[in-house]
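Encoded as structure tokens, the structure appears first; notes follow it.
The values are calculated or read from the model by the stated rules, or taken from the named source; none is laboratory data. All values derive from a computational prediction rather than experimental measurement. So basically every Cβ, Gly included, is an ideal-geometry build from the backbone, and we count neighbours across all protein chains shown. Each accessible area value is taken on the protein alone, full model and side chains, heavy atoms only, with ligands, DNA and RNA left out. Shrake-Rupley method; radii C 1.70, N 1.55, O 1.52, S 1.80 Å.
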Amino acid sequence: MSIQHHPLDELLTAFAAGTLDLGQHVAVATHLTQCARCRDATQLMEHVGGAVLASLPPTPMSGDALTRVQARLREPIAYETPREEPGSGALDDIPGLPAFVRRYSAAPWKWIAPGVRLRPIQLPAVSGTRVFLLKSRPNTRMLEHTHTGMEMTCVLTGCFSHEAGHYGPGDFDLGDDSMRHNVMVGPAEDCICLVAMHGALRMAGFIGHLIQPFVRL
Ligand SMILES: [Zn+2]
């Protein structure tokens, strides 16, 4: 598998710094499970971040710091209840989906357009970014669309092409509201992608306007 399209460095930096929202974090982490190059880059950023922190001059502690720490020591420790794995097996049949995503629950597939189905993934915490699987039949021409926020796409199986190139398994595509996508799915097999979408998807063209009210993306 030869990965051609990677997240921008800014995105990997935000991932390493922990500043992405959960849905975006899941999308970048999905790419990292498949891409040694980005894993190495992210690890390097984490080390650099640690080195920067270590090089900062020490900050004097406030006078009551010790008292406050001692007070905390007397507080009961609140253990976070480990989240029970849904274990629904709902996502077990999705090839290429990382193990950490398989533990999440998922709603059933729903039809959104001819040859295209969507399956929402239920994240374990609230996120401003929705995560879903998108499955398209071979040779499907996806409806031309724009979006109102950032959209991250990780190819799990199959492939697609649009104005910016060809995307196969492991590739990562970032779209924002300045782009219009005209996506064509490859001829060989179904294309399944994990998509993290912030904001709304707006479909363009006559058919898009017809079905937009019904798909409510
Ligand atoms: Zn990469």
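Here the range 1-22 is scanned for amide nitrogen atoms under 20 Å from the site 7 Å beyond the Cα of Ser55 along Cα-to-Cβ, giving 10, 13-14, 16-18.
Return the distance in nm (one decimal) between the two label points of a simple spin-label model at Gln122 and Thr67, each offset 7 Å from Cα along Cα→Cβ. A separation of 4.7 nm, rounded to one decimal place. Amide H contacts for Thr140 (H built 1.01 Å from N in the peptide plane; partners 5 or more residues away or on another chain; cut-off under 5 Å): Val185.
Starting from the residue with the highest accessible area, list Ser136, Ser127 in decreasing order, probe 1.4 Å.
Numbers: Ser136 5, Ser127 30 Å².
Largest to smallest exposure gives the sequence Ser127, Ser136.
For the full complex of protein chains and a 1.4 angstrom probe, list Ile3, Ile94 by accessible area with the highest value first. Each step should come with its number before you reach the end.
Details: Ile3 35, Ile94 5 Å².
Ranking Ile3, Ile94 by accessible area, largest first, yields Ile3, Ile94.
For the range 117-134, 3J(HN,Hα) computed residue by residue from phi via the Karplus equation (6.51, -1.76, 1.60; θ = phi - 60°) reads 10, 10, 10, x, 9, 8, 6, x, 8, 5, 9, x, 10, 7, 10, 8, 9, 10 Hz, glycine and proline entered as x.
Amide H contacts of Thr157 (H built 1.01 Å from N, in plane; Pro and chain starts excluded): Ile192 sit under 5 Å, all sequence-distant by 5 or more or on other chains. Computed with a 1.4 Å probe on the full set of protein chains, the accessible area for Glu163 sits at about 120 Å².
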